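Beneath this line is the structure, given in structure tokens, with notes to follow.
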Amino acid sequence: MNLQNKPAPDGVTLETVVQWLRHRADGMYGGEAVTQLQHALQCATLAQAEGASVALVTAALLHDAGHLAINSDDVSHPHAEMAAHLLGDLFHPHVTEPIRLHVDAKRYLCAVDPLYGAGLSRASRRSLEWQGGAFSPAEAEVFIASAFAGDAVRLRRWDDAAKVPGAVTADLDHFIKLMQPLCIARTAMEVT
């Protein structure tokens, strides 16, 4: 399978991203009971089962790519921003913007839904502190009015649900086949 295409910032190609998933995502996911790959596959499978667009399914799969790229801890390198940056020349903003906003979506949901915050895993509550805590009411209003906020909230909910040991998912090759045309389409858009 040829995954070569136009490099993203810092030389990232789709082949690079797939290699991260195949070879760097076998570690446990931030204090959860699943690996990073299991988490990514669960998140993308949930998105697909809910009828999300291919772009949003891809965002669900790659939302934590910043952790895989540099082993980000969110204190020194916010993983959502890093992933959106690294993937920016590979994918359209319909993929990268929900990724960039998925941490802010957690902050938003904590601000508008007290039950949401109470249901976060211990690891997710800990990372929320690093990420700035719940939004103020004014920040929540600004966030939800922004482009791609709705998709980011959907992604966030799949992210939170994608931590089930032993969950059955589609395999990585299934999602690679979905991603490839998105990269090709992005490259074609830039050429025309």
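Quick look at the numbers
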| item | result |
| --- | --- |
| When residues of region 167-179 are limited to those that are more than 12 Å from LEU61 (Cα to Cα) and open to solvent by 70 Å² or more (accessible area, probe 1.4 Å), the one farthest from the chain's Cα centre (by Cα) | VAL168 |
| Those residues of region 102-126 which are over 17 Å from the mean Cα position of the chain (by Cα) and crowded, with 19+ Cβ neighbours inside 10 Å, in sequence order | CYS110, ALA111 |
| Residues of region 131-147 classified as open to solvent by 30 Å² or more (accessible area, probe 1.4 Å), part of a loop (DSSP other than H, G, I, E, B) and of a type in the set (A, V, I, L, M, F, W, C), total | 2 |
| Which numbered condition GLN48 misses (of (1) modelled with pLDDT under 95; (2) open to solvent by 10 Å² or more (accessible area, probe 1.4 Å); (3) farther than 22 Å from ALA134 by Cα) | (1) |
| Qualifying positions in region 77-121 - free of Cβ contacts under 8 Å to residues at least 40 places away in the same chain, more than 15 Å from ALA65 (Cβ to Cβ) and assigned to a loop (DSSP other than H, G, I, E, B) | ASP113 |
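The values are calculated or read from the model by the stated rules, or taken from the named source; none is laboratory data. No experiment lies behind these values; they were computed from the predicted model shown. In this analysis, Cβ positions are derived from the backbone assuming ideal geometry, glycine residues included, and neighbour counts consider all displayed protein chains. Heads up: the accessible areas ignore ligands, DNA and RNA and are worked out on the full protein's heavy atoms, side chains in. Shrake-Rupley method; radii C 1.70, N 1.55, O 1.52, S 1.80 Å.
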